[in-house]
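Let me begin by presenting the structure, written as structure tokens, before commenting on it.
No value in this document is a laboratory result; all are computed from the given coordinates. Remember, it's a predicted structure, so these values are computed and weren't measured experimentally. Positions of Cβ are backbone-derived with ideal geometry, glycine not excepted, and every protein chain shown enters the neighbour counts.
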């Protein structure tokens, strides 16, 4: 069910398990039952990822419906035929390499839902697929976009807008989730970050309810358009400029300083 939601066209998927005692473990699957069987022994030992965009079918020849240890070649941008998802990852701010607490994760999920509300209200985005990643939350909007330099640049600009608007010292929108070969953790597997302790456990990755009907029923998915992506990319707030005067110990010609800053100066009448 989860794989069919992410890949309803039964695309070839790469499953990848990085940073294991056997290096990067990777394989390519067009048989999803084989994928689930292959990753099962790794569940709970390491975080398991999959590609979210449509790959060229030929990559199946790298390791067909099996996992390969010490893999040296994994999915790159040129292996992606087209983009199928716009993903937003909101993570709890915490020290690196450790799981989030229950409160930290709740703040990240709440912030993720604020992002969804903003895009729905202001950009008329359809309802996304929502996941709990183990330490934060993802939202995924269905798209059908070219794998092009222009689209990648729009993804970068769009996520920079969301980072600017919604990130703070408790939760952060990850502005780097923009590459065509983007990975997410496999739903229903355990997110393994550091060692679990009572306040910071390892958690199962979950697809959260409600699942939008347009992502379940055949041929009814509502897509984020290129125009909506361009709108989001255009919403960045210009940075505020500040000016400082030179130290008081130096003589300052205020008129010349204002001219240099393009400030308007009008002549004062003679008394």
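Which residues does a label at residue 168 reach in segment 104-143, if reach means a backbone N under 17 Å from a point 7 Å past the Cα toward the Cβ? Output list for this probe position: 104-118. At what distance in angstrom do the alpha carbon centres of segment 135-171 and segment 9-70 lie from each other? Each part reduced to its Cα centre gives a spacing of 25 Å. In terms of its alpha-carbon gyration tensor, segment 2-233 comes out oblate; a/c meets the 1.5 threshold, while b/c is at least as large as a/b.
Overall form of segment 56-130: oblate. Here a/c, set by the Cα gyration tensor axes a ≥ b ≥ c, is 1.5 or more, and a/b is not larger than b/c.
Remark: the Cα gyration tensor places segment 1-119 in the oblate category, a/c being 1.5 or greater and a/b not exceeding b/c. Here the extension length gained between residue 37 and residue 237 equals 67.3 nm, from 0.36 nm per residue of separation less the Cα-Cα distance. For the chain, relative contact order (Cα pairs under 8 Å, six or more residues apart, normalised by length) works out to 20 percent. So what's the angle, to the nearest 10 degrees on a 0 to 90 scale, between helix 149-166 and the longest Cα principal axis of the chain? Approximately 70 degrees, to the nearest ten.
Label separation (residue 230 vs residue 144): 1.9 nm, computed from points 7 Å beyond Cα along the C-beta direction. Counting other Cβ atoms within 10 Å as a rough exposure proxy, the listed residues 116, 98, 13 run 98, 116, 13 from fewest neighbours to most. Taking other C-beta atoms within 10 angstrom as a stand-in for reagent exposure, 177, 224 fall in the order 177, 224, fewest first.
Segment residue 110..residue 195, full-extension length gain: 28.1 nm, with 0.36 nm per residue of separation and the alpha-carbon distance subtracted. Helix 102-123 and the longest principal axis of the Cα set of the chain meet at an angle near 70°. Going by neighbour counts of Cβ atoms within 10 Å, the residues 29, 70 line up, fewest first, as 70, 29.
Of all beta bridges DSSP finds with both residues in the chain, what is the antiparallel percent, to the nearest 5? Within the chain, antiparallel bridges account for around 95 percent of the total.
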